[in-house]
1. So how many residues does the range 1-48 have that are modelled with pLDDT under 90, over 17 Å from the mean Cα position of the chain (by Cα) and either crowded, with 21+ Cβ neighbours inside 10 Å or of a type in the set (Asp, Glu) (or both)?
2. Regarding residue 202, is this residue in contact with a Lys or Arg (Cβ under 6 Å, 6 or more places away or on another chain), not polar (S, T, N, Q) and not in a loop (DSSP other than H, G, I, E, B)?
3. If the requirement is being β-branched (Val, Ile, Thr), closer than 21 Å to residue 240 by Cβ and touching a residue at least 40 places away in the same chain (Cβ under 8 Å), which of these qualifies: 30, 21, 65, 79?
4. Starting from residues that are of a type outside the set (A, V, I, L, M) and surrounded by 21 or more Cβ atoms within 10 Å (Cβ to Cβ), keep the ones in the range 69-89 and report whichever is modelled with the highest pLDDT.
5. For the range 181-195, how many residues are aliphatic (A, V, I, L, M) and surrounded by fewer than 19 Cβ atoms within 10 Å (Cβ to Cβ)?
6. Taking the stated definitions as given, is residue 74 of a type in the set (A, V, I, L, M), in a loop (DSSP other than H, G, I, E, B) and touching a strand residue (DSSP E or B) at 6+ places or on another chain (Cβ under 8 Å)?
7. Filter the range 142-165 down to the residues that are modelled with pLDDT of 90 or more and either touching a strand residue (DSSP E or B) at 6+ places or on another chain (Cβ under 7 Å) or not in a helix (DSSP H, G or I) (or both) and list them by number.
8. Within the range 205-213, identify whether any single residue is under 21 Å from the mean Cα position of the chain (by Cα), under 19 Å from residue 161 (Cβ atoms) and not assigned by TED's automatic domain parsing to the domain that holds residue 73, and answer yes or no.
Amino acid sequence: MQVLLFFEMENNPIGIFDSGIGGLTVAHAIQEKLPNEQLIYFGDTAHLPYGDKEPYSIKHYSTEIAKFLLEKKVKLIVIACHTASSVAFKEVSKVVGNRALVLNVVDPVIAALQKLRDPEHLVGIIGTKGTIGSNIYPHKLSKLNKSLKLACLETPLLCPMIEEGFINDQISQTVINTYLSEKVLKNITHMVLACTHYPLIKAQITHYYKGNINIIDPSEVVAETAKNLLKEANLLRKESSGLDHHFYVSDYTQSFEQSTRYFFGEKVTLEKGNIWS
């Protein structure tokens, strides 16, 4: 448990960041789970997607955004991106220190997976090149659940496809079907959506498998973990009055605005976060 430098932080906001709209699935899940909390979201749309970037770039982007969120006096920073969580969690934690709690999206999913003990389970993991290439899931699970079998697949087209608004149509279903028909995913019993963009196509993935596998949605798992983390630290906000969520982007995109309003309503206004100037 981190010991925070500041006291009486329960009314401070929760900071959340991702390269684009994917982290909005996490933000929305947190809002549903913690309706009393104020959210500050940063979408680094100038550099999306993170999945095909070099690790040093991802670390730089992530730590700079963390500094931006710290200026907003957040009590918790949620790295709502699997690639950034895989590559830059240690660097972000070091920058934040004891000024806020830090939560990534990988460890909560790992905690859920380590409970699977049936030798017949085969867990498919789909994600960006950065996430799958980091081998973070096999590495961490090998220490906690050696019997669990994994089938990992890079699916690099899904993130930009979703960012461009190709969801629930023939084009997106064709791309999804092409990836999921890969031999490595044959006979899987569970599927981890190892990118926070992917819950936006969860219905299409479910359709492909005809509801016959268990799909693990990181946004739901992370929201529950965030609630428990704040509860343990006595940082849960007790009242919802005066809530005013803020959404920042490093570069305006129409798809981001549409997605934000889809999750949070027409009243949402995007603000430019000038942290790269």
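1. Selection size over the range 1-48: 1.
2. no
3. Within the list 30, 21, 65, 79, the selection yields 30.
4. 75
5. Summing the residues that are aliphatic (A, V, I, L, M) and surrounded by fewer than 19 Cβ atoms within 10 Å (Cβ to Cβ) in the range 181-195 gives 1.
6. yes
7. 149, 150, 151, 152, 153, 154, 155, 156, 157
8. Residues of the range 205-213 that are under 21 Å from the mean Cα position of the chain (by Cα), as a first pass: 205-206.
Remaining after also requiring under 19 Å from residue 161 (Cβ atoms): 205-206.
Retained after the next criterion (residues that are not assigned by TED's automatic domain parsing to the domain that holds residue 73): 205-206.
Yes: the range 205-213 contains one or more residues that are under 21 Å from the mean Cα position of the chain (by Cα), under 19 Å from residue 161 (Cβ atoms) and not assigned by TED's automatic domain parsing to the domain that holds residue 73.
The values are calculated or read from the model by the stated rules, or taken from the named source; none is laboratory data. Being a predicted model, the structure only gives us computed values, none of them experimental. All Cβ positions, even for glycine, are placed from backbone atoms using ideal geometry, and neighbour counts span all protein chains on display.
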